[in-house]
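The values are calculated or read from the model by the stated rules, or taken from the named source; none is laboratory data. As the structure is a prediction and not an experimental result, all values here were calculated from the model. Here the Cβ positions follow ideal geometry from the backbone for every residue, glycine too, while neighbour counts run over all protein chains shown. Ligands, DNA and RNA are excluded from the accessible area calculation, which covers all protein heavy atoms including side chains. Shrake-Rupley method; radii C 1.70, N 1.55, O 1.52, S 1.80 Å.
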Amino acid sequence: MASKKIDRLSFDATLEELETIVHQLEQGSLPLEEALKQFEQGIHLVRAGQQKLEQAEQKIQILLSQADGSEQLAPFQPEQGEE
């Protein structure tokens, strides 16, 4: 899966693809070269997922910004147990 294709996946699809790769690697039946390819793909998926989460956090911060239109953003505060 090419990096550009990964960028177009939804967060849920990215996570699902990553779970598939983890399952394959945990089985331990892949040849070394294929395991390395899958691991590399997994790293790309993790980075894409992190980027999607960061973008979502930025949107939340914008939505929580002060109602008077000032440019100061409220920091994102996750609820307990969601970290």
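Observations on the structure shown:
- For residue 65, the amide hydrogen comes within under 5 Å of the amide hydrogens of 74, counting only partners 5 or more places away or on other chains and with H modelled in the peptide plane.
- Placing a pseudo-label 7 Å from each Cα along the Cα-to-Cβ vector at residue 35 and residue 53 gives an inter-label distance of 2.6 nm.
- For residue 22, the solvent-accessible surface with a 1.4 Å probe is about 60 Å², rounded to the nearest 10.
- Rg and Dmax of segment 1-67, both derived from C-alpha coordinates alone, stand at 15.3, 57 Å.
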